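Report on one structure; see the data block that follows.
The values are calculated or read from the model by the stated rules, or taken from the named source; none is laboratory data. Bear in mind the structure is a predicted one, so any value in this text is a computation, not a measurement. Every residue, glycine among them, receives a Cβ derived from its backbone with ideal geometry; neighbour counts consider all protein chains shown.
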Amino acid sequence: MNPEEINRLIKGALWENSVSQIIVSVITLITFCIIYMLSSYAKKKGENLATKEDVESVTKKIESVKLEYQKELKAFERSVINKLELESKHFDSSVNDLLKFYDETTELQVKYLCDAFLWIYLPSHNIEALVETHSHFRNSLLEAMKAFQRLPLYFENNSEIMSLAKDIYLTLVKFERILNDHFGEILTCAIDSTNEDINKTNDERVQDYLDANKAYSAATKPHLEKFAAAYGKFIWCVSEYLRPKFD
């Protein structure tokens, strides 16, 4: 083998070695790039997966808060509706009971308490009419007093309308007591006035009847004045209380 052939073999070996190195380097570079790309893809995929899970978690929390808010809103709406219905019933009841007391006291004022009510207005010989009038008067007093009993359920004790209603009520109590104290004497005198067997003249019997009525009138007079003053203020107060509620 001559020197030229040896030189060619050496050069060929060196070339093959260089090509091998280049191929190895390229393969290494490609492998590194593939590994880097796979790593980046896996990282990005993980981030996307984490982001999706975060979004789902936040969405669930929002939906939970939304449902809770809707429940609270519905509960609040129910409480408001119930309160309005209760206030409406309370208002209706208060107005009904107030007007009941107003009507009863007005009937008393018109029939029996507009002036000094004298039993002499009825003929003494009409005992049945006298007893009937007494019964109606007493029942009217009791009905008005009973109607008063419900007013404290709706009105403050120190309110003007309640204060006036109490003044009227206390006056009616006085009337009921006076009626019980005096009616027996009035009825007895009325019966005696028609009884000729009594050892009195007709004029004396009639005078006894008149005196019994005068005693009743004297007992009721101061309370009539109190009733008239309280009643006048009360009807004005009731009007002021009801007017804005129906405007």
| message | Please go through region 199-247 and give me each residue that is among the aliphatic types (A, V, I, L, M) and touching an Asp or Glu at 6+ places or on another chain (Cβ under 9 Å), ordered by number. | response | A212, A215, A219, L224, A229, A230
| query | Has region 207-220 got any residue that is in a loop (DSSP other than H, G, I, E, B), touching a residue at least 60 places away in the same chain (Cβ under 8 Å) and under 21 Å from V131 (Cα atoms)? | reply | no
| said: Regarding region 232-240, can at least one residue be identified that is in contact (Cβ under 8 Å) with a residue 12 or more places away in the chain and loosely packed, with under 13 Cβ neighbours inside 10 Å? | reply: no
| note | Here the residues within region 167-191 that are farther than 30 Å from L151 by Cα and surrounded by fewer than 19 Cβ atoms within 10 Å (Cβ to Cβ) are G184, E185, L187, T188, I191
| task | Read through the list (1) at pLDDT 90 or above; (2) farther than 23 Å from S93 by Cα, then give the number of the only condition that I198 fails. | result | (1)
| Unique residue being out of contact with any Asp or Glu (no Cβ under 9 Å at 6 or more places or on another chain), among the β-branched types (V, I, T), part of a helix (DSSP H, G or I) and at pLDDT below 90 when the list is I191, I168, I178 | I191
| Restricting attention to region 137-151, which residues are assigned to a helix (DSSP H, G or I) and within 10 Å of L98 (Cα to Cα)? | A147, F148, L151
